């Protein structure tokens with residue numbers, strides 16, 4: 001238990017080390033989540049638009 | 001129907017084709033990133049010694065230095081891609097610049113924040129105008145400038161091209177900026193002994209540093225590939241919308 | 001070459017015709033400099049230390065002020081299209097326009113700067129270096145600013161964007177110029193700093209027109 005507390009304290013520098021790593025983690029997570037969310041949304045949108053486009057073309061050619 | 005072979009790179013301007021290629025590469029880069037970052041964190045925070053002078057605060061170096069390296073490497077890659085886009089006019093090149101930019105900006109931000117957190121216990125101030133931090137700050141604004149410019153045009157293609165030219169001017173200016181900041185720094189702080197990379201990098205510190213650099217790099221590759229597919233899709237979506245509007 | 005000279009004179013005449021356009025950047029330069037003692041107090045030693053930096057920073061901002069309209073009018077009325085199609089290389093056209101712009105913006109700064117230096121208690125040994133630094137530096141400011149104006153042509157929020165793009169690129173000029181003036185004030189030789197400034201001038205005047213012309217072509221497509 002005390003060794004974990006010592007680990008957290010980081011020789012007195014804990015207040016600097018952990019926020020530094022925390023911010024880094026946040027930035028990485030942010031980049032990842034934002035990218036994946038946008039990618040998913042765009043994939044869905046593109047599939048919807050291309051399906052609509054193909055059906056429209058089919059209807060046109062059928063005329 | 002001709003059986004002309006589509007040039008390799010042009011094939012991948014198609015988001016579906018690019019997506020398939022990315023899907024083959026991504027598991028490897030993502031996996032490598034997770035392993036390298038995990039090991040790097042273990043060694044950096046746990047299984048490496050504190051510094052003789054700086055104590056445990058030296059562990060901040062394991063995020064500050066890789067972030068600094070990535071911030072500059074990414075800008076260099078952006079410049080190379082911008083040049084390729086102008087010379088070979090390949091769609092992927094300009095889109096790579098746009099895909100990589102937010103990531104480079106994020107790395108620059110991490111470098112500045114970690115540097116500030118490292119500097120406070122070392123130098124007693126949340127911000128010091130040392131050469132490295134000041135150059136990074138200017139680089140941050142070079143990134144912000146690109147991000148603002150590329151989205152400021154109604155025609156996205158025009159924005160991409162303007163951005164590419166800006167990045168090329170920026171990359172030529174960057175060494176000049178860094179030199180001038182160094183110049184300025186030595187004039188005003190002749191007694192500056194402390195640099196943020198610490199006095200010497202002990203071999204036991206080299207391992208976590210290399211692991212983190214590798215982790216940051218593979219993370220960048222993973223995310224930039226995803227962003228590239230995302231940009232290709234955005235372009236395709238705009239094309240569909242325009243076609244639908246024409247009918 | 002004759003065509004470039006003709007363009008230079010034509011632009012110059014146009015700018016001089018609207019005399020009031022010239023006043024704003026100059027007035028800004030003077031006013032902003034006068035803000036300094038109002039902001040930091042009139043103590044002569046403090047002002048003397050701030051003088052090189054403050055004079056140059058306000059010169060920087062004054063140049064930015066005047067850049068917005070460099071290509072805008074020609075872009076809107078189609079003159080820029082004609083320039084791009086004319087036998088005169090667009091790079092030279094850019095150089096000619098920037099030269100005309102400098103005569104109406106940078107040159108007045110050069111002339112009024114010593115007066116402002118007196119008001120800021122600039123070290124007596126620094127005046128010559130101040131003028132040389134402005135002579136070498138303001139054309140580069142105009143040139144890089146022109147690149148900024150070209151690359152933001154047709155963009156939304158062009159004005160604020162221009163400042164964001166151009167100020168980081170101005171950093172080396174600011175540093176070399178102010179360190180030269182500072183050195184002269186302390187009795188040291190400003191030569192190394194001025195030589196660096198001169199090389200930035202040489203490189204900038206030759207290379208930046210190409211980037212600006214490329215940006216203009218992009219805006220005209």
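The values are calculated or read from the model by the stated rules, or taken from the named source; none is laboratory data. As the structure is a prediction and not an experimental result, all values here were calculated from the model. Every residue, glycine among them, receives a Cβ derived from its backbone with ideal geometry; neighbour counts consider all protein chains shown.
Structure notes:
- Verdict on residue C:167 being in contact (Cβ under 8 Å) with a residue 12 or more places away in the chain, assigned to a helix (DSSP H, G or I), surrounded by fewer than 22 Cβ atoms within 10 Å (Cβ to Cβ) and within 14 Å of chain B (Cβ to nearest Cβ): yes
- Complete set of residues in region C:115-134 that are surrounded by fewer than 17 Cβ atoms within 10 Å (Cβ to Cβ) and within 17 Å of the chain's Cα centre (by Cα): C:131
- Lone unmet requirement of (1) modelled with pLDDT under 90; (2) assigned to a helix (DSSP H, G or I) for residue C:53: (1)
- Checklist (1) surrounded by fewer than 16 Cβ atoms within 10 Å (Cβ to Cβ); (2) at the interface with chain B (Cβ under 8 Å from one of its Cβ atoms); (3) closer than 28 Å to residue B:66 by Cβ applied to residue A:50, failing item: (3)
- Filtered residues of region C:170-181 (kept if away from chain B (no Cβ under 11 Å) and free of Cβ contacts under 8 Å to residues at least 60 places away in the same chain): none
- Test: residue in region B:204-217 that is closer than 14 Å to residue B:74 by Cα, at the interface with chain A (Cβ under 10 Å from one of its Cβ atoms) and modelled with pLDDT of 95 or more: yes
- Residue B:198 being at positive phi and modelled with pLDDT under 85: yes
- All positions within region C:125-157 that are within 8 Å of chain B (Cβ to nearest Cβ) and more than 26 Å from residue B:182 (Cβ to Cβ): C:151, C:152, C:154, C:155, C:156, C:157
- Condition check for residue C:196: outside any helix (DSSP H, G or I) and over 16 Å from the mean Cα position of the chain (by Cα): no
- With a requirement of 1 or more residues that are within 25 Å of residue C:167 (Cα to Cα) and touching a helix residue (DSSP H, G or I) at 6+ places or on another chain (Cβ under 7 Å), the helices (runs of 4 or more DSSP H) lying completely within region C:58-128 that satisfy it span C:72-77, C:90-119.
- Residue list for region A:12-39, filter: in contact with a strand residue (DSSP E or B) (Cβ under 9 Å, 6 or more places away or on another chain) and buried (at least 17 other Cβ atoms within 10 Å of the Cβ): A:13
- If only residues of region B:229-243 that are touching a helix residue (DSSP H, G or I) at 6+ places or on another chain (Cβ under 6 Å) and more than 7 Å from chain A (Cβ to nearest Cβ) are counted, the one that is farthest from residue A:52 (Cα to Cα) is B:231.
- Unmet requirement for residue C:39, which otherwise passes all of (1) buried (at least 16 other Cβ atoms within 10 Å of the Cβ); (2) more than 26 Å from residue C:161 (Cβ to Cβ): (1)
- Region B:23-50, residues that are surrounded by 13 or more Cβ atoms within 10 Å (Cβ to Cβ) and outside any helix (DSSP H, G or I): B:48, B:50
Residue-wise test of (1) touching a strand residue (DSSP E or B) at 6+ places or on another chain (Cβ under 8 Å); (2) closer than 29 Å to residue B:164 by Cα; (3) assigned to a loop (DSSP other than H, G, I, E, B); (4) away from chain A (no Cβ under 13 Å).
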| site | (1), (2), (3), (4) |
| --- | --- |
| B:18 | no, yes, no, no |
| B:21 | no, yes, no, yes |
| B:100 | no, yes, no, no |
| B:104 | no, yes, no, no |
| B:114 | no, no, no, no |
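- Against the criterion of being surrounded by 22 or more Cβ atoms within 10 Å (Cβ to Cβ) and at the interface with chain B (Cβ under 10 Å from one of its Cβ atoms), residue C:184 does not qualify.
- Residue in region B:73-94 that is facing chain C (nearest Cβ under 10 Å), surrounded by fewer than 20 Cβ atoms within 10 Å (Cβ to Cβ) and either within 22 Å of residue C:220 (Cα to Cα) or out of contact with any strand residue (DSSP E or B) (no Cβ under 9 Å at 6 or more places or on another chain) (or both) present: yes
- Odd one out for residue B:62 among (1) modelled with pLDDT of 95 or more; (2) buried (at least 22 other Cβ atoms within 10 Å of the Cβ): (1)
- Here C:79, C:63 are screened, and the one residue that is under 26 Å from residue C:213 (Cβ atoms) and more than 15 Å from the chain's Cα centre (by Cα) is C:79.
- Consider region B:116-154 and keep the residues that are free of Cβ contacts under 8 Å to residues at least 60 places away in the same chain, more than 14 Å from chain C (Cβ to nearest Cβ) and under 21 Å from the mean Cα position of the chain (by Cα). The one that is nearest to residue B:68 (Cα to Cα) is B:116.
- Hits in region C:197-213 (condition: facing chain B (nearest Cβ under 8 Å) and in contact (Cβ under 8 Å) with a residue 24 or more places away in the chain): C:200, C:208, C:211
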